[in-house]
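Engineer: Starting off with a structure, shown below.
The values are calculated or read from the model by the stated rules, or taken from the named source; none is laboratory data. Keep in mind the model is a prediction, meaning the values are calculated, not measured. Cβ placement follows ideal geometry from the backbone for every residue including glycine, while neighbour counts extend to all protein chains displayed. Accessible surface areas use protein heavy atoms only, side chains included; no ligands, DNA or RNA. Shrake-Rupley method; radii C 1.70, N 1.55, O 1.52, S 1.80 Å.
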Amino acid sequence: MQAIKKQHKNGRPTKEAAERKKYKVSIKMATEEYYSLKSKARLAGLSRSEYVRQCIRSSEVKQRLSSEQLGYIRQLSGMANNINQIARKANAVGYLEVRTEWMNTVPEIDKTLKLIEK
């Protein structure tokens, strides 16, 4: 019986499934965007592909505003309009006359801002 010798494979070791890059994504860029990508990758000392991969890994995507939050922003815009009207009235009539209107508006603004932050 012959002893089985270990056979050495030539070449680089095989990568695990998670390490393999098997998906290809192509994008269209304007000339300015392409040269910006090219120069940023060169400054980082990376290939363009590796630079984009790192950008994807380290980026954070902000969630779009919900329709509810957009409604609160519209309310804030209306309140800003009210504040402008109060300021005009204060300049014309006097600050003591519009103090109560102002004191009623401020809590509403605070409440709406807290709803937007959620």
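Engineer: Report, in debye and to the nearest 20, how large the dipole of the chain comes out about its Cα centre when Lys and Arg carry +1 and Asp and Glu carry -1 on their Cβ.
Structural biologist: Here the chain has a charge dipole of around 1460 debye.
Engineer: I'd like the carbon and sulfur percentage of the solvent accessible area for the chain, probe radius 1.4 Å, heavy atoms only, ligands and nucleic acids excluded. Spell out each step's value before the answer.
Structural biologist: Values: 6070 of 11650 Å².
The computed percentage sits at 52.
Engineer: Rounded to whole Hz and in sequence order, give me ³J(HN,Hα) for segment 93-110 from the Karplus expression 6.51 cos²θ - 1.76 cosθ + 1.60, θ = phi - 60°, writing x for Gly and Pro.
Structural biologist: For segment 93-110, the Karplus-derived couplings read 9, x, 6, 5, 5, 9, 4, 5, 4, 5, 5, 7, 7, 4, x, 5, 5, 4 Hz, x marking Gly and Pro.
Engineer: Helix-derived [θ] at 222 nm for the chain: sum -39500 (n - 2.57) over DSSP H runs of at least 4, divide by residue count, nearest 500?
Structural biologist: Details: 4 runs with 75 residues, N = 118.
-21500 deg cm²/dmol, from helical runs alone.
Engineer: If you average the sequence gap of Cα pairs under 8 Å that are 6 or more apart and divide by the length of the chain, what percent do you get for the contact order? If you can, show how the numbers build up before the last one.
Structural biologist: Details: 28 pairs, mean separation 22.8, N = 118.
Worked out over the chain, it gives 19 percent.
Engineer: Something else now. With the other protein chains left in place, how much accessible area per residue, in square angstrom, belongs to segment 12-118 at a 1.4 angstrom probe?
Structural biologist: On the way: 9900 Å² over 107 residues.
Using a 1.4 Å probe on heavy atoms only, each residue of segment 12-118 averages 93 Å².
Engineer: Using every Cα-Cα pair within segment 1-92, state what percent have a distance larger than 16 Å. Please list the in-between numbers first.
Structural biologist: Details: 3305 of 4186 pairs.
So the pairs more than 16 Å apart make up 79 percent of the total in segment 1-92.
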